[in-house]
Structures are given as structure tokens and as C-alpha cells.
Amino acid sequence: GRDAPLVRGAKRGLGLVFTLSVAFAVVGAVSAMALTAAHRRRDVAYLRTLGLDTRQAVAITIVEQVPLVIVATLVGALVGVGTVLVFEPGIDLTAFAGERILESVQVDAGAIAAAAAGVMVVMALAVVSFGWMTRRESLGTVLRLGDE
């Protein structure tokens, strides 16, 4: 049943895998932004010479990054849940538990929504911080043509 050590261990293991996958998603999203930060700073600095302000720079970053993160989060959640549901019928733990386990995989939509919200919050913080960093780019340095 639910209190069997095997069931508890499987639940803990799936919880750990879920937590690690959310952590990898956050690291991947922030890393992608960090890798493109230098080009983004230069591009935004060019636009600042044309009158772009900080709010507009943050808006550009949101438009560029957030849709990709939303799509990646949705696809990741669907693939993760789908994989577990596809393989569930083929997993028979009777040999290990000694009895038929009547547990089935239950999708915790609240945990998935909380993880997605957490990824969005981290991305929002990253967007704001990268937007702040773009203001620090020297316009004089950017306008020096041929120094790339």
C-alpha cells in the first residue's frame, strides 16, 4: 500500500528527479541569457543612442526571452508527465514489494504549476538584472566602429 517502503522510496525518487529537472531548467534559462548578454548589451546600447529607455530595454528582453521559456516549460512538463504515464503500465514492482501495489501515478498539477511559476519568477529577475546591466554599457565604447 501507500506506506510500503518501496512506494515511499519511489515517490521520493520521483520528487527528487522533479526537483532536479526544475533546477536544470532554471540554470539552462539563465545560462542562455548570460551567453547572449554581451551581444544584447551592445544591441541595446545602439538602440539607446536612438532614444531607447530602460523600460523599453526590459520590454525588448521580455519579448525575446519569455515566449521561449514558456514554450520550453510547457513542452518539458508535457514530456515529463507523458513519459511517466506511458511507462507506468509496464512497471510491475510486485517482485520487489511481495504483493500487488495498487498505487498509480498521480499527476500533481499544483507542483507542476508551482515549478513553472518558479521558473518564470527566476526569468523575470534575470530579465530585470540583464536590463539593468545594459544601462551600464558605455555609449562611447559602442559607437567606436571596428573595435569588435
>> Checking Leu20 against (1) part of a helix (DSSP H, G or I); (2) modelled with pLDDT of 85 or more; (3) over 17 Å from Thr73 (Cα atoms), only one condition comes out false. Which one?
In response: (3)
> Considering region 104-133 alone, what residues qualify as being surrounded by 14 or more Cβ atoms within 10 Å (Cβ to Cβ) and among the aromatic types (Phe, Trp, Tyr)?
Replying inline: Phe130
>> Being surrounded by fewer than 14 Cβ atoms within 10 Å (Cβ to Cβ), part of a helix (DSSP H, G or I) and either of a type in the set (A, V, I, L, M, F, W, C) or free of Cβ contacts under 8 Å to residues at least 40 places away in the same chain (or both) is the filter here; which residues of region 35-55 pass it?
In response: Leu35, Ala38, His39, Arg55
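Name the single residue that is farthest from the chain's Cα centre (by Cα) among those in region 119-141 being modelled with pLDDT under 75 and among the hydroxyl-bearing types (Ser, Thr, Tyr).
First, pick out the residues of region 119-141 that are modelled with pLDDT under 75: 131-141.
Narrowing the set further to residues that are among the hydroxyl-bearing types (Ser, Thr, Tyr) leaves 134, 138, 141.
Numbers: Thr134: 22, Ser138: 31, Thr141: 33 Å.
Filtering first and then ranking leaves Thr141.
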> Does Gly76 satisfy the condition of being in a loop (DSSP other than H, G, I, E, B), small (Gly, Ala, Ser) and open to solvent by 40 Å² or more (accessible area, probe 1.4 Å)?
Replying inline: no
> Across region 3-24, which residue is farthest from Phe130 (Cα to Cα) among those that are open to solvent by less than 50 Å² (accessible area, probe 1.4 Å) and touching a residue at least 60 places away in the same chain (Cβ under 8 Å)?
Replying inline: Ala4
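The values are calculated or read from the model by the stated rules, or taken from the named source; none is laboratory data. Computed from a prediction, not measured in an experiment: that's the story for all the values here. Ideal geometry is used to build each Cβ from the backbone, glycine not excepted, and the neighbour counts take in all protein chains shown. Surface areas here come from the heavy atoms of the whole protein model, side chains and all, with no ligands, DNA or RNA. Shrake-Rupley method; radii C 1.70, N 1.55, O 1.52, S 1.80 Å.
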